[in-house]
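These notes are about the structure you will find just below.
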Amino acid sequence: MESAGIVEAIDLIADHKVLISTVVGSVISVILLRRYLAGGVCVSKKRLDGKTVIITGCNTGISLETAKELSARGARVIMACRDIGRATKAADIVKMFSGNSDVSVERLDLASLDSVRKFADVILKNEERINILINNAGVMMCPKLKSEDGYEMQFATNHLGHFLLTNLLLDKIKTSAPSRIINVSALIHYRGKIHFDDINSEKSYSPMAAYAQSKLANVLFTRELSQRLQGSDVTVNTLHPGVIETELVRHVEARVPSVLFTLLRPFTIFLKTPVQGAQTTLHCALDEQLEHVSGKYFSDCKEQQPSKDALNMEDAKRLWQISEEMVAGARR
């Protein structure tokens, strides 16, 4: 009876060998595709003992993973976040992961230029050095909202807040050289246009167009700042972290029917994990070969060509001037 059962099992496998082969092949294909979409990996083994790192918006997602890794390499990590409660819990995660207790939390709301100034005051008063500044925090495709200062929310948070923060900390960053500034942009900057005649999207508002404008602004800001930092031993680069499943898409989910998100849920296996999404940021922060590389755009841990509009230095200079005027004229 036992031998007959074995024979039947063998016959069953033989009858379904095409199906089995197809399933196995599909699984292997999914694994290989997922690995390909995971992108590059930061290979630097550089230590950061005695160095100070500031990361904005790092209580979740790729920036939390960035904080964990840089803390594990010995850095003093300052987590600049709007929600102190969540940031404090995230700081505990960083400490537990890295075994490094030199992690602190400071409040920073990038949608409030007053908050940016207060944060900078605290840092300049209390910190001896700033070796790496990672401008990561952002908002993605939110409804039409205005910042505390009356500016379009995505442009205010993703660009203006970081523009002011970087400039306020710049002297400290220079005296800490060699130093690095990293601005997290996105692939969507290829679709972006700087609407100089409607920078606050008052004539018309599209969540995606406003988001793309803010991400293009990140790249233009990087390129102009790089020009201004020549000879200072401070580099500044920007990057696309990849398509990642993080909380950043919460405003998108709020506008899309839940049934559609349910249908799309299986495809999220092809998105990068936060750890994978952090790799290009880590590459820009750590890789020894980038010591003198500045003003460049990276994706999957490799230098890439940004959009044509991102290479327009006249627009970069004009954006800088307008940004200066907007942060100077903000509500006090």
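The values are calculated or read from the model by the stated rules, or taken from the named source; none is laboratory data. On a predicted model such as this, the values are computed, not experimentally measured, just so you know. All Cβ positions, glycine included, derive from the backbone under ideal geometry; neighbour counts span all protein chains shown.
Taken over the range 196-206, the residue count meeting the criterion of being buried (at least 16 other Cβ atoms within 10 Å of the Cβ) and within 23 Å of the chain's Cα centre (by Cα) is 2.
Screening residue 171 on (1) closer than 27 Å to residue 76 by Cβ; (2) in contact (Cβ under 8 Å) with a residue 40 or more places away in the chain; (3) of a type in the set (D, E, K, R) shows it passes everything except condition (2).
Does residue 250 satisfy the criteria of being part of a helix (DSSP H, G or I), of a type in the set (Lys, Arg), surrounded by 11 or more Cβ atoms within 10 Å (Cβ to Cβ) and at pLDDT 95 or above? Quick ask: steps written out before the conclusion?
Numbers: part of a helix (DSSP H, G or I): yes; of a type in the set (Lys, Arg): yes; surrounded by 11 or more Cβ atoms within 10 Å (Cβ to Cβ): yes; at pLDDT 95 or above: no.
Spelling it out, it is not the case that residue 250 is part of a helix (DSSP H, G or I), of a type in the set (Lys, Arg), surrounded by 11 or more Cβ atoms within 10 Å (Cβ to Cβ) and at pLDDT 95 or above.
Scanning the range 58-102 for residues that are among the hydrophobic types (A, V, I, L, M, F, W, C), free of Cβ contacts under 8 Å to residues at least 60 places away in the same chain, crowded, with 20+ Cβ neighbours inside 10 Å and part of a helix (DSSP H, G or I) yields 67, 87, 90, 91, 94.
Note on the range 264-303: residues that are modelled with pLDDT of 95 or more and hydrophobic (A, V, I, L, M, F, W, C) total 10.
Within the range 130-183, being in a strand (DSSP E or B) and buried (at least 18 other Cβ atoms within 10 Å of the Cβ) holds for 132, 133, 134, 135, 152, 179, 180, 181, 182, 183.
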